[in-house]
Amino acid sequence: MDRQPLLERRVLITGAGAGIGARTACEVVERGGRVAVFDLDGEAAMRTAQSLGADKAISLQGDVTDQEAIEGVLDAMTVAWGGIDDLVNNVGIYDHGPLLELSIAQWQRVFEANFMAPIAVSCAAVRRMKAGGSIVNVSSVLGQVSAPGRGPYCVSKAALISLTKMQAVEWAQRDIRVNAIAPGYITSKETDRLIQSGSIDYAGICRRTPLGRFGTQEEVAQGICFLLDPAQASYITGHVLEVSGGWTAYGFV
């Protein structure tokens, strides 16, 4: 690319071993940045980092719910590059089922990864960030609407949006921007599997989406990088950017 809006920025991306996280890591590097690839799957993290180049990426295996692992990846960024500029809280899990059948343990598991971990990672990162830093929390359109049988995921992603607004307000005095991105239905190995199993009605979702298709991981990554970009998004904080093809705008049944 001729223009490198993220030139030399040091970005931590959680859950970057595959999917949206890996595609975002690639997008950051293409725009001139450097990436710490942090994932529970150490081999996947290593593959992503190696594909980007040793001078542009480092990989660390760790659990986002483990405070020691969080500090470890931030220490590694300090050793490699002198610190951190930006953070993408990308990790997300789900556990579906009717509300009356879900155990408290199932709710706790999802909230630990989707809500508590972004709190812990963000606070640890902000303590090390200088003015001008940015955080993007990866939520979902299902954090803005209800979806039967998907209670823990929907509610945890809604809580993440609320957290984003609180972080944006409190950390503005540090000159740190915090935004959320809310992907709609995005093509991935997981969505392909769910389509094949009949868990997702591909044709029905496409009819329900004004743009008539699923989005791509690249389109989500581009939205994340836009929010990170201190030149393009310098006056944007506390915002939720939907990348959904107009899915939540469509109210006709």
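Overview of values
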read-out	value
Some residue of region 8-28 being of a type in the set (D, E, K, R), closer than 15 Å to residue 224 by Cα and surrounded by fewer than 17 Cβ atoms within 10 Å (Cβ to Cβ)	no
Region 8-31 - residue that is within 20 Å of residue 78 (Cβ to Cβ) and assigned to a loop (DSSP other than H, G, I, E, B) and, of those, nearest to the chain's Cα centre (by Cα)	16
Selection status of residue 71, within 18 Å of residue 218 (Cβ to Cβ), among the acidic types (Asp, Glu) and either at pLDDT 95 or above or surrounded by fewer than 24 Cβ atoms within 10 Å (Cβ to Cβ) (or both)	no
Failed criterion for residue 58 (all others in (1) farther than 13 Å from residue 156 by Cβ; (2) in a helix (DSSP H, G or I) hold)	(2)
Candidate set from region 211-226 (those that are in contact with a helix residue (DSSP H, G or I) (Cβ under 9 Å, 6 or more places away or on another chain) and more than 12 Å from residue 185 (Cα to Cα)); member that is surrounded by the most Cβ atoms within 10 Å (Cβ to Cβ)	224
Residue in region 127-149 that is charged (D, E, K, R) and in contact with a strand residue (DSSP E or B) (Cβ under 8 Å, 6 or more places away or on another chain) present	no
Helices (runs of 4 or more DSSP H) lying entirely in region 188-233 (those with 1 or more residues that are of a type in the set (D, E, K, R) and modelled with pLDDT under 95)	189-197, 202-208
Some residue of region 130-137 being more than 21 Å from residue 62 (Cβ to Cβ) and within 14 Å of the chain's Cα centre (by Cα)	yes
Odd one out for residue 36 among (1) part of a strand (DSSP E or B); (2) of a type outside the set (Val, Ile, Thr); (3) under 19 Å from residue 93 (Cα atoms); (4) in contact (Cβ under 8 Å) with a residue 40 or more places away in the chain	(3)
Test result for residue 60, buried (at least 17 other Cβ atoms within 10 Å of the Cβ), over 22 Å from residue 185 (Cα atoms) and either without any contact (Cβ under 8 Å) to a residue 60 or more places away in the chain or among the hydrophobic types (A, V, I, L, M, F, W, C) (or both)	yes
Breaking point among (1) polar (S, T, N, Q); (2) closer than 25 Å to residue 5 by Cβ; (3) not in a helix (DSSP H, G or I), for residue 50	(3)
Region 71-94 residues that are without any contact (Cβ under 8 Å) to a residue 60 or more places away in the chain, paired with ones that are of a type in the set (Phe, Trp, Tyr) and assigned to a helix (DSSP H, G or I) (beta carbon under 7 Å, 6 or more apart)	94/153
Which listed residue is at pLDDT below 95 and closer than 22 Å to residue 227 by Cβ, from 141, 136, 145	145
Restricting region 134-147 to residues that are without any contact (Cβ under 8 Å) to a residue 24 or more places away in the chain and not in a helix (DSSP H, G or I), the residue that is surrounded by the fewest Cβ atoms within 10 Å (Cβ to Cβ)	146
Candidates 113, 80 - the one that is out of contact with any Pro (no Cβ under 7 Å at 6 or more places or on another chain), assigned to a helix (DSSP H, G or I) and over 21 Å from residue 26 (Cα atoms)	113
Members of region 105-125 that are surrounded by fewer than 17 Cβ atoms within 10 Å (Cβ to Cβ), over 24 Å from residue 169 (Cβ atoms) and among the aliphatic types (A, V, I, L, M)	105
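The values are calculated or read from the model by the stated rules, or taken from the named source; none is laboratory data. Being a predicted model, the structure only gives us computed values, none of them experimental. Here Cβ is always computed from backbone atoms with ideal geometry, including for glycine, and neighbour counts include all displayed protein chains.
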